[in-house]
1. Between 0 and 90 degrees, rounded to the nearest ten: what's the tilt of helix 272-284 against the longest Cα principal axis of the chain?
2. Below 12 angstrom from the Cβ of K276, what's the summed charge of the other residues (Lys, Arg +1; Asp, Glu -1)?
3. In segment 37-84, carbon and sulfur make up what percent of the accessible area (probe 1.4 Å)?
4. On a 30 Å Cα-Cα criterion, which of the cross-link pairs K14/K103; K31/K97; K18/K116 come out too long?
5. So how exposed is Y160, as accessible area in Å² (1.4 Å probe, rounded to 10)?
6. Expected output is a single nm value to one decimal: the length gained when fully extending between N356 and W57, i.e. 0.36 nm times separation in residues minus the C-alpha distance. What is it?
7. So for the chain: antiparallel DSSP bridges make up what percent, rounded to the nearest 5?
8. Once phi is turned into ³J(HN,Hα) by the Karplus curve 6.51 cos²θ - 1.76 cosθ + 1.60 with θ = phi - 60°, what whole-Hz value does each residue of segment 230-237 show in order, with x for glycine and proline?
Amino acid sequence: MTIPIKQIKLRKLKMMLKSPFTTSFGTMQEKEFFVTEAIDGDGNHGFGESVAFTIPWYSEETVKTTHHVITDFLIPLLKENILNHPDDVLELFKPIKRNNMAKSALEGAIWDLYAKQKNIPLAEVLGGTKKQIDVGISLGIQPSIDDLLQKVQENVKAGYKRIKIKIKPGWDYDVLAEVKKNFPDIPVMADANSAYTLKDISQLQKLDELDLLMIEQPLAHDDIVDHSKLQAAMNTPICLDESIHSLSDTQKAIQLQSCKIINIKIGRVGGLSEAKRIHDVCKQNGIDVWCGGMLESGIGRAHNIALTTLPQFVLPGDTAGSSRYWEKDIITPEVVAENGVITVPGEPGIGYEIDNDALDTFTVDEEVFTL
Ligand code: OSB
Ligand code: MG
């Protein structure tokens, strides 16, 4: 059986985040991204989302490189080849080096299309079994500690299962200590987005006093060697985000003992097939995983939810409810987290309908490619 795909639609969207999101690398408020749509001849529509930002400060990809790689290289590959299963996309795109977020945006739409053709939920196609998933939140760097404590308070009250605090030199130990003092019962973790080097080792070791759930990506975005030295010198588990792009990166990080936990982001690793493979090898090696976020719209969020139903996603992810990010999301119903729990939708594919009016409102450009 082949997956018949007649058309690929590429919509560029612009959406404003409810509030600016600040990390050690910069502040984001406007989100530009692509909604990908794979269409067959039988009325099925599969949707995906790209996660690269306009500026290459999280990784090397941008909105513009995503468009370039999708239109000039990836869609031509889809035109010239036949797919039997969404897993084939990974092999088909292999000749194109990296550009994982571009690859993932198309692959996601094909997974959703495939699940809809089979009339089963995406979670089930991926092999996931959970009916509900636990989620936490990621809090950006705030203007003051009081602002941060208030945000933590609101989200603890809303029932989120863990709080992630963005840190950087000068906004780390004291801030985290204050959060732990005021909220001793909620699991707290920190995400540095590569803001430190091994020269800061004593500062990082001091964080061991705080009994954090983990520290995410303290060192360079492309490093697994220094992280291995740091993990050997710290009790707090290190979680890798930016450094892990593939199954092979994962195997090497495990071998070097560079981390005890991995944050899997579908876009960063090139799609759901690679994400599953990373999940499987982590499960075999006792590495806990959780699903990260890239401030996605509801479409990307739905993919994250489906992936999180796999068994080794044992820690709460960053996939919070739509209303934390957007005045109005582009899916219906929106993603809702109740007491830190999202109920996995039972409908075919991503399990949420596209809100076409909202989609139109935020679309600034649209292209159609016939395969
Ligand atoms: O490092 O996980 C990260 C957002 C943008 C870029 C990188 C990261 C993040 C987040 C937010 O932490 C996750 C989310 O709420 O979607
Ligand atoms: Mg991170």
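The values are calculated or read from the model by the stated rules, or taken from the named source; none is laboratory data. Bear in mind that the values here come from a model prediction, so they are computed numbers and not experimental data. Virtual Cβ from ideal backbone geometry, glycine too; neighbours counted across all protein chains shown. Areas reflect the complete protein model, heavy atoms only, side chains present, ligands, DNA and RNA absent. Shrake-Rupley method; radii C 1.70, N 1.55, O 1.52, S 1.80 Å.
1. Long axis of 272-284 versus the principal axis of the chain: about 40 degrees.
2. The answer is -2.
3. Working: 1140 of 2130 Å².
Ligands and nucleic acids excluded, carbon and sulfur reach 54 percent.
4. Beyond 30 Å between Cα atoms: K18/K116.
5. Roll a 1.4 Å probe over it and Y160 shows about 20 Å².
6. Numbers: separation 299, 0.36 × 299 = 107.64 nm, distance 3.13 nm.
Residue separation times 0.36 nm, minus the Cα-Cα distance, leaves 104.5 nm.
7. Numbers: 32 of 52 bridges.
The antiparallel proportion sits near 60 percent.
8. 5, 4, 5, 9, 10, 8, 4, x
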